[in-house]
Amino acid sequence: MSSTVTFAHLPSRSLIALGGPEWRSFLQGLITQDVETLAEGEARFGALLTPQGRLLYDLFVAPNGDGAWLDVEAEHRAALIQRLTIYRLRAKVEIAADETPVSIAYGEDAIASPGVGWVRDPRLPALGWRGYGVSAPDGAKVATEAEREAQKLRVGAPGPKDWGSDKTYPVEANFDLLNGIDFKKGCFVGQETTSRMKRRGTIKNRMLPIVFDGLAPPRGTEVLAGDLRAGEVLSGGEGRAFALLRLDRALGAELTVDGRPARAEVPGWMAEAVGEVA
């Protein structure tokens, strides 16, 4: 394995094990992603929404023997188990916490599979592979989760720190562009609002990186286009942050944040979509 590959454990993520003969049909009616066609060796990215269509919990679904793992935010695992248990009713599904650790491996460009126990991150090739119960590939650089978050910011892929829980619509968090919503799969919780936003063809707000000098301002700081509010800062670091931006005001404009000049940066993977809606 090339030294250009980076490996990190993700203590912010944890697993829920699903089993039983009806786990696919149970999950199929709840989340934004199709799991009926999920095959061994792959993963699907999706979310559980509120009935009003706002993001509650993001998740990855990966096959695990006759069942599946849900790769979720560790701090929300207990709440998600509780919610799934409520939805279960009489379905023949087993739901339990699983302590198998979650890891990732990635490079500056797409990398080949690190081996057994890894599934490709279904969002973007640059985000690499997700591993369950695995160790670092030979020759890989070992990094911290904070370094992984910085890499996601460079790539332009927002995460739970940006969308929170019960605050954001999934299309605003780019789930539709990151293979997080299957609009052809049929019903799921929050589908009506999600589908309506997509059908209208005009998505006013999206999460994009913004670039500036210095440390990221506090979350919630206004992004201004002249005197007009163009959005607000989410998570960030030195010189860059994610922001939820009003596209018609932010794209191509001279922005300021916390009194500093700033500009919106559109990642190549979403340039066409943003161009269509701006």
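A short reminder: the numbers here are calculations on the coordinates, not readings from a lab. Computed from a prediction, not measured in an experiment: that's the story for all the values here. Glycine also receives a Cβ, built like all others from the backbone with ideal geometry; neighbour counts cover every protein chain displayed.
Semi-axes of the equivalent ellipsoid of segment 147-278 are 25, 16, 13 Å, computed as sqrt(5λ) over the eigenvalues of the C-alpha gyration tensor in descending order.
Can you give the relative contact order of segment 201-277 as a percent, counting alpha carbon pairs under 8 Å and 6+ residues apart?
Over segment 201-277, the number comes to 35 percent.
Residue-wise HN-Hα couplings along segment 206-222, as the Karplus relation 6.51 cos²θ - 1.76 cosθ + 1.60 with θ = phi - 60° gives them from phi, are 9, 8, 9, x, 10, 10, 7, 9, x, 6, 5, x, x, 3, x, 4, 6 Hz; Gly and Pro carry x.
So which chymotrypsin sites (Phe, Trp or Tyr not before Pro) in segment 175-233 pass both tests, a DSSP loop state and at most 15 other Cβ atoms within 10 Å of the Cβ?
On the way: sites: Phe175, Phe183, Phe188, Phe212; in loops: Phe175, Phe183, Phe188, Phe212.
Hits after loop and neighbour filter: Phe183.
Restricting to Cα pairs below 8 Å that are 6+ residues apart, what does the relative contact order work out to for segment 1-62? Please round to a whole percent. Don't skip to the answer; put the middle values down first.
Details: 56 pairs, mean separation 13.1, N = 62.
Worked out over segment 1-62, it gives 21 percent.
Residues whose amide H lies under 5 Å from that of Ala243, counting only those 5 or more places away or on a different chain, are Leu208, Ile210, Leu234; hydrogens are built 1.01 Å from N in the peptide plane.
Please pull out the direction-averaged projected area of segment 201-277, using the convex hull of its alpha-carbon atoms, in nm² to one decimal place.
Details: hull surface 18.4 nm².
Mean projected area of the Cα convex hull: 4.6 nm².
Measuring nothing but how far apart in sequence close Cα pairs (under 8 Å, 6+ apart) lie, relative to its length, segment 6-151 scores a relative contact order of 32 percent.
Annotation: amide H-H contacts under 5 Å for Leu56 (H modelled 1.01 Å from N, sequence separation of 5 or more, or interchain): Leu48, Leu49, Thr50, Asp166. Pairs of Lys residues in the chain are counted when their Cα atoms are under 17 angstrom apart and they lie 8 or more places apart or on different chains; the count is 5.
Rounded to the nearest 20 Debye, what is the dipole magnitude of segment 108-150 about its Cα centre when Lys and Arg each give +1 and Asp and Glu each give -1 at the C-beta? Don't jump to the answer; show the numbers that get you there.
Working: 5 positive and 7 negative charges, 37 e Å.
Around 180 debye, computed over segment 108-150.
Computed about the Cα centre, the dipole magnitude for segment 181-278 is approximately 540 debye when only Lys and Arg (+1) and Asp and Glu (-1) carry charge, each at its Cβ.
In terms of Cα atoms, the Rg and Dmax of segment 1-91 work out to 14.2, 50 Å.
When exposed loop sites are taken as trypsin sites (Lys or Arg not before Pro) in a DSSP loop with at most 11 other Cβ atoms within 10 Å, the longest stretch of the chain clear of them is 185-278. Relative to its residue count, segment 185-227 spans a Cα convex hull of 159 Å³ per residue.
Placing unit charges on the Cβ atoms only, positive for Lys and Arg and negative for Asp and Glu, gives the chain a dipole magnitude near 740 debye about its Cα centre.
Based on every Cα atom in the chain, Rg and the maximum pairwise Cα distance Dmax equal 18.9, 58 Å. Once you reduce segment 25-78 and segment 169-187 to the center of their Cα atoms, the two points are 13 Å from each other.
For Ala146 and Arg90, the FRET efficiency from 1/(1 + (r/R0)^6), where r spans their Cβ atoms and R0 equals 41 Å, is about 0.40. Using 0.36 nm per residue and subtracting the Cα-Cα separation, the extra length available between Phe183 and Val116 on full extension is 21.0 nm.
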